[in-house]
Amino acid sequence: DLQATRVEDICGALGDGLLAVAVGDNHRHVRIYQAATGRLLQMMEAAALDWPFEVNCVALDDGLLAVCDRRGEVRIFQAATGGLLRTLKEAGDTNSCVALRPRQVSCIALGDGLFVAGCTHGEVRLYRVATGSLLQTLQAYDGADRSVSCIALGHGFVAVGGDSHGEVRLYQVATGRLLQTLQDAGKTIWSVAFQDRRLAVGGADGAVRIYIMFEAQPSMFVKDALGKDEDEALQRAISASLSPAQGALGEDEEEALQRAISASLSPTQADPFETEYQKVALQSFFDKKARKAMEEKRKEEEKETQREEKERKTCAKQEEQAKDEKSAQLEEQRKKDKEEERLRRKKQAEDEVDQARLEAAKKAAEEYELRDHEQPERKEEEKERQREEKERKKRVKQEEQATDAKSVQLEEEQLKKDEEEKRLRRKKQAEDEEDQARLEAVVPSAPKPFKDTEYKKHYRTEALPSKFRVYTVVRNFLVVFYTVFEGKSVEEANELADDFTDKLANAEVEGLQNLDQSAKDGLLKKPGFVLARCWSAIGKHEVCHREFCGLLNQGIRSDDENVIKEAVKLAATMNSFCVLERNPGAKEPPWPKEDKAENGQYAWQLWRGGLLPDDKLAWYQEHRDKDYRVNMFLPTSTSKTVAEDFMRAQKNAKCVLYHFYLDPDLRCLHVNCLESVKSVQTEQEFLFPPYSAFRVLKIVEHPSFIEIDIKVHPDNRSVDEDVPTAPWA
């Protein structure tokens, strides 16, 4: 992507396998590429990084990127992330080479945790990256025409190249001392770089000159001999410096090589650089030999250490085995002593038992002799009296035990029944409120009127024809529900739906044990009855932790087209059970026709308890004396006490008690009692189908709860379909 950019518009740096390039309009942004593949890794825009001037030069090393702009300000970034680490500038210092334009930075370099900048006026500044502190200021060249054109860091040295004088100067980082000046590098120096122990110098003549570090004197660099392999150069140096006579006198190799060094430094040598290289090559040979000897010594020491470690482990293993054997012997002796002690005590106990038996036999014989002198009649009477008394006491005790057991059983059963009823009421209320909260999250705050809903669009009055179809549609509804509201995949939704459907099917006979088999089979063949059993089932799905009634109500209230298509089939089947005129032969519901204060029942009144948010209370206040509909199945109770228990179960919320009034003459055509289909019969629950019509009569605010009086319309068809839908019920 740099093909359209001129070469003179690009400045860059290569390091750590990365390539950093400043390119574009006046170098206003920097790109970082992967050198091996050319893939773009980072794009650092000038506007985002607050660069007021174009980029002058860049440097890469050890995961860091240094960028210098035209005014001499330097920023250091993390190359991988583009995060700014430090800005190097010295405000107010008119002599700073990284602060003011008159002393503009011409080149920069990174390495060994240091940053170095070369300036156009010949000055070099060295900083520590971690702190931004200035370590050294070096005046490499004097005069305005002696600028620093290139710079490099490595091995504790700074290599500085000048523009047009062909000099490369080497400085020591720690002291700032000038160590060496290479004056044969060419007329104009364009670049310098360190690699291992070599220094590369590139000039305007197109040549690259390689200098190597002299190991015996690391501060000295000499020119490499024609780029030959180091081993070949070593042989060449030895051949050039050793005469045949010197090699044949049987001298020690080290002495011969020392003589070779002396011979290589003879003033008769034609090329001083060649002589210097021979010296370096011979010294390299010594270094290699010394390193080889040290490596062999290290290997011998490692072998000795391994041998000693092996012997130590062998001794430790033998000691451990001996210790284990001794422990086993001690354990065996302990078991033997314990067994002997047990046998001794057993023998002592047997002896004591035999002695007791002997004494008892003796005493019995004495008593028998005494009884022989008593009258036989008195003995027989005493025996009979004792037997009768014993039987009487036994009979009285059995009767008392039976009475106590029966009383305790009755009390426990009653207590369990009362506790179970309370628990189920509170659980049902909490689950209803939880479902209400979930419904509130997915149902719009202002539900649509009945005439505009997807429910009306897809609703048909025909009920499902069979029990099999009921469970099929239940499963289909659950699959769509899990995908739409739970975010499950199709495979996960099918698995969850199969599991929950099987649980509902297995629970359909619970609570029907008192019916004979024929009556039970007759009821379970009716689709409406089967679906009503699913509605009243108290089992929750293990993943969603919700009952089927809560899932069905959420699907209906959401009015989502995909969910409604299956939900309306279930609603129509439920309505065949609830709506009396669609249920031929159904018994009349157990209407609350009279007051029963002990049960909290009042004539022709139904109750529902729960919580009510403030904004939903405002909606009911605004719709006082107005008709409305409820977009879900609405369960109610004939017991005010049960509804109040549900209401008081709410914590940290405003409670509400809905008070429904039935017409004693017209009653209600679309409500039915679910008591006959519930698995746990604790109350009489009257269930209204979705979009049943009501009217707000009165709202009373008590100190601890809100009471809303509501009229139940006898027939939903008598109310317009465009009346508002309640956002909360």
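The values are calculated or read from the model by the stated rules, or taken from the named source; none is laboratory data. All values derive from a computational prediction rather than experimental measurement. Positions of Cβ are backbone-derived with ideal geometry, glycine not excepted, and every protein chain shown enters the neighbour counts. Accessible surface areas use protein heavy atoms only, side chains included; no ligands, DNA or RNA. Shrake-Rupley method; radii C 1.70, N 1.55, O 1.52, S 1.80 Å.
Residues checked against (1) in a helix (DSSP H, G or I); (2) open to solvent by 20 Å² or more (accessible area, probe 1.4 Å); (3) under 28 Å from residue 448 (Cβ atoms); (4) polar (S, T, N, Q):
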site: 573; (1), (2), (3), (4): yes, no, yes, yes
site: 588; (1), (2), (3), (4): no, yes, no, no
site: 603; (1), (2), (3), (4): no, yes, no, no
site: 616; (1), (2), (3), (4): yes, no, yes, no
site: 621; (1), (2), (3), (4): yes, yes, yes, yes
site: 628; (1), (2), (3), (4): no, no, yes, no
Practice item. Could you check how many residues of the range 415-463 are acidic (Asp, Glu) and modelled with pLDDT under 70? Key: 6
Practice item. Return yes or no: is residue 570 closer than 16 Å to residue 687 by Cβ, at pLDDT below 75 and of a type outside the set (D, E, K, R)? Key: no
Review point. Going by the conditions given, is residue 79 modelled with pLDDT under 85, under 24 Å from residue 35 (Cα atoms) and of a type in the set (A, V, I, L, M)?
Key: yes
Review point. Which pairs have Cβ atoms under 8 Å, sit 6 or more apart or on different chains, and link a residue in the range 710-729 that is in contact (Cβ under 8 Å) with a residue 24 or more places away in the chain and aromatic (Phe, Trp, Tyr) to one that is surrounded by fewer than 19 Cβ atoms within 10 Å (Cβ to Cβ) and assigned to a loop (DSSP other than H, G, I, E, B)?
Key: 728/613
Review point. So which residues in the range 119-168 are modelled with pLDDT of 85 or more and open to solvent by 40 Å² or more (accessible area, probe 1.4 Å)?
Key: 128, 130, 131, 133, 134, 135, 136, 137, 139
Review point. Among the residues of the range 481-495, is any closer than 21 Å to residue 575 by Cα and of a type in the set (D, E, K, R)?
Key: no
Exercise for review: Considering (1) at pLDDT below 85; (2) part of a loop (DSSP other than H, G, I, E, B); (3) not acidic (Asp, Glu), say which one residue 106 fails and leave the rest.
Suggested key: (2)
